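Below is one structure, written out as structure tokens; the observations come after it.
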Amino acid sequence: MSPSTSFGPTAVRADTTKILADLRKLMAQHNVDVYVVPSEDAHQSEYIAPVDARRAFVSGFTGSAGCAVVTATKASLATDGRYFLQAEQELDSNWELLKQGLPDVPTWQEWVLREAEGGKNVGVDATLLTAAQAKSLAEKLKSRKGGSLVGMDLNLVDMVWEDQPMRPKEKVRVLGLEYAGKPFEEKLVDIRKEIEKQKGSGLIVSMLDEIAWLFNLRGNDIPYNPVFFSYAFVTPTEATLYIDEDKVTAEVKEYLGDSVKVKPYQAIFEDMKSFGEVTATADLKVLATSSASWALTKSIEQTKLTTLKSAPIEAAKAVKNSTEVEGMRNAHIKDGVAQIQYFAWLERALSSGASLDEVQVADKLEEYRSLQKDFVGLSFPTISSAGSNGAIIHYQPEKNTCALVKKDLIYLCDSGAQFLDGTTDSTRTLHYGEPTEAERKAYTLVLKGHIAVARAVFPKGSSGFILDILARQYLWKEGLDYRHGTGHGVGSFLNVHEGPIGIGTRMQYNEVPLEVGMLISNEPGYYEDGQYGIRIENVVLVVEKKTPHNFGDKKYFGFDTVTMVPMCKKLTVVEMLDDDEKQWLNEYHAEVFKKTSGYLKGDEITLEWLKRETAAI
């Protein structure tokens, strides 16, 4: 699944007239001519807690990616191709939609520069932009006849949001070694080696999943993501966790012991300000990653701050240890069993004439998942979409307004779960009636691209950037494509989207090579606006491959597929598959049956469905 959100498309187009009027009054009071409302929270999280959904509140657009900008007379919302249709449905007439990536459409930064001509003030909550984003925008504004960027220590949207949700107060819990695989004390040793290598005096950690991974702790502050609001600061001799004290149980305090100091969440700003003063050394070097907020880095003298090109914890977290790999395999088998039960149930229900909507069937899938061992919850809101709704790439159904799932419509289900031993994410596109030839051809083109990635063998040092073409090649031959990445990293009982790796055309995917132990999704698709959507997604594990030769004394890598759910035969044009593709599909289906059928003993109806769907072609 490419990035999504915990907020679904609204049933009724939002009316933002009063919200904008109230916001503009505050802008005038604070001498702000242009106000920027990013999607992210203070930790640059992709998914956010309801309390931080400011951009969704002010604009009415609920997709996870985008930026809102408001002036005294105008308002714009910039988002990418995954959300064009959704934004058109949700934005009211107060807003201009900036479709990012299309010719002659400005970025939100370019729109800001245009509106700030003549030395105007551009305001933003300083915790919501990274230091690099702020520096770039400030320099460009200054070059435009003296415009200035104002980093504010308050948020104007919060001041007009009367029923804003409360900030979460969930307790933090310890993730046992049987799931984490490595003690946090050993992880701290490894990170300190990286600090020493960089000749650093300390490392600021602001990404929530990095903190959760580093200390083997998990929380519940953000829907679908087992993380908690916190900062961390690691020096060669100390580690400090900044977190609201009421989140920390006696068990967690005992677990952290003398190895980790616990201080209030907001104390990091004052601590960073005083760190350089207390540590009065000429060669003091505070390390931060590019995700650190402008507000946080402003606390440190710029001469003493070094922004790292790569994040050491993010890189370490992406390579799973043997315990995590085994856990992810187990989690995907359990998840596969639940999906097999679900898809077999759905076929029976539709065949019997049941009237079921997209929300009802998604709830049934969650029910099946909840029966599996160590189930914690969903890893993102289920994208349960029938017919034309499938063309909305990150569609989320709403009760009372969603569509019925019907036999004669393509059904796309993108879903995942959080288990204590791993995080899952898979997409299947199915048809329970008689698909059209166009639908079958499109599905098979996507399947061929999926298989091409799954079968890929590549030299050590290769990135997901160079693999993207494999997924799109068959669609391109037909003049077709899709507007999202082909793959994203996946966390281990952590965020379903995990950096720094990915398969796609973003240049940053070329900066980090794939390594053995990394898990990444393989999810090409195709979307026919107003008709249907197709996506096929498995999670794959990077493994070493044996090759006849070893040119350049390099190792060669490939993928093992860990998702265990059958493909849709009814949508597959077998004649379009070559012998190697047929062999891959048959071997994959044989593995699915072998690993999941034992869990279905006593459920003969579902077992028969599985036998049929995994039989060799």
Taking Lys570 and the conditions (1) part of a loop (DSSP other than H, G, I, E, B); (2) within 13 Å of Arg440 (Cα to Cα), which numbered condition does it fall short on, given that it satisfies the others?
(1)
Only one residue in Gly517, Gly558, Gly533 is of a type outside the set (Ser, Thr, Tyr) and either outside any strand (DSSP E or B) or without any contact (Cβ under 8 Å) to a residue 60 or more places away in the chain (or both). Which one?
Gly517
All conditions in (1) in a loop (DSSP other than H, G, I, E, B); (2) touching a strand residue (DSSP E or B) at 6+ places or on another chain (Cβ under 8 Å); (3) over 19 Å from Val490 (Cα atoms) are true of Thr306 except (1)
Can you name every residue in the stretch 154-174 that is touching a strand residue (DSSP E or B) at 6+ places or on another chain (Cβ under 9 Å), part of a loop (DSSP other than H, G, I, E, B) and within 28 Å of Leu217 (Cβ to Cβ)?
Asn155, Pro168, Val172
Return the pairs, sorted by first residue and then second, in which the second residue is outside any helix (DSSP H, G or I) and at pLDDT below 95, the first residue lies in the stretch 469-481 and is closer than 17 Å to Leu577 by Cβ, the beta carbons are less than 9 Å apart, and the residues are 6+ apart or on different chains.
none
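Could you say whether any residue in the stretch 422-430 is among the acidic types (Asp, Glu), assigned by TED's automatic domain parsing to the domain that holds Leu470, at pLDDT 95 or above and buried (at least 24 other Cβ atoms within 10 Å of the Cβ)?
Yes: the stretch 422-430 contains one or more residues that are among the acidic types (Asp, Glu), assigned by TED's automatic domain parsing to the domain that holds Leu470, at pLDDT 95 or above and buried (at least 24 other Cβ atoms within 10 Å of the Cβ).
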Name the residue, out of Val34, Val105, that is aliphatic (A, V, I, L, M) and touching a residue at least 12 places away in the same chain (Cβ under 8 Å).
Val34
Going through the stretch 206-241 in order, the residues found to be over 24 Å from Lys273 (Cα atoms), in contact with a helix residue (DSSP H, G or I) (Cβ under 9 Å, 6 or more places away or on another chain) and not hydrophobic (A, V, I, L, M, F, W, C) are Asp209, Asn216, Arg218, Gly219, Asp221, Pro223, Asn225, Pro226
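A quick yes/no check of all residues on (1) on the phi > 0 side of the Ramachandran plot; (2) at pLDDT 95 or above; (3) hydrophobic (A, V, I, L, M, F, W, C):
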| site | (1), (2), (3) |
| --- | --- |
| Phe493 | yes, yes, yes |
| Gly499 | no, no, no |
| Tyr509 | no, no, no |
| Glu515 | no, yes, no |
| Ile534 | no, yes, yes |
Look through the stretch 439-455, keep the residues that are in contact with a strand residue (DSSP E or B) (Cβ under 8 Å, 6 or more places away or on another chain) and farther than 22 Å from Glu587 by Cβ, and return whichever of them is surrounded by the most Cβ atoms within 10 Å (Cβ to Cβ).
Ala442
Restricted to the stretch 182-201, and to residues that are surrounded by fewer than 18 Cβ atoms within 10 Å (Cβ to Cβ) and part of a loop (DSSP other than H, G, I, E, B), which residue is nearest to the chain's Cα centre (by Cα)?
Lys182
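Can you pull out the residues in the stretch 118-145 that are in a loop (DSSP other than H, G, I, E, B), buried (at least 18 other Cβ atoms within 10 Å of the Cβ) and either among the hydrophobic types (A, V, I, L, M, F, W, C) or on the phi > 0 side of the Ramachandran plot (or both)?
Ala126, Leu128, Leu129
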Restricting attention to the stretch 392-421, report how many residues are modelled with pLDDT of 95 or more and either of a type in the set (A, V, I, L, M, F, W, C) or part of a strand (DSSP E or B) (or both).
15
Scope the stretch 222-237; condition surrounded by fewer than 18 Cβ atoms within 10 Å (Cβ to Cβ) and farther than 12 Å from Ile204 by Cα; matching residues:
Pro223, Pro236, Thr237
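Only one residue in Ala316, Ala386, Ala354, Ala331 is over 23 Å from Glu439 (Cα atoms), crowded, with 24+ Cβ neighbours inside 10 Å and among the hydrophobic types (A, V, I, L, M, F, W, C), so which one is that? Can you show your working first?
Numbers: Ala316 fails: crowded, with 24+ Cβ neighbours inside 10 Å; Ala386 fails: over 23 Å from Glu439 (Cα atoms); Ala354 fails: crowded, with 24+ Cβ neighbours inside 10 Å.
Just a single option satisfies the conditions, and that option is Ala331.
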Among the numbered criteria (1) under 17 Å from Leu208 (Cα atoms); (2) modelled with pLDDT of 95 or more; (3) surrounded by fewer than 22 Cβ atoms within 10 Å (Cβ to Cβ); (4) of a type outside the set (Lys, Arg), which one does Asp258 miss?
(1)
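The values are calculated or read from the model by the stated rules, or taken from the named source; none is laboratory data. Not measured: the values here are computed from a predicted model. When we count neighbours, we look across all protein chains shown, and the Cβ atoms used for this are built from the backbone with ideal geometry, even at glycine.
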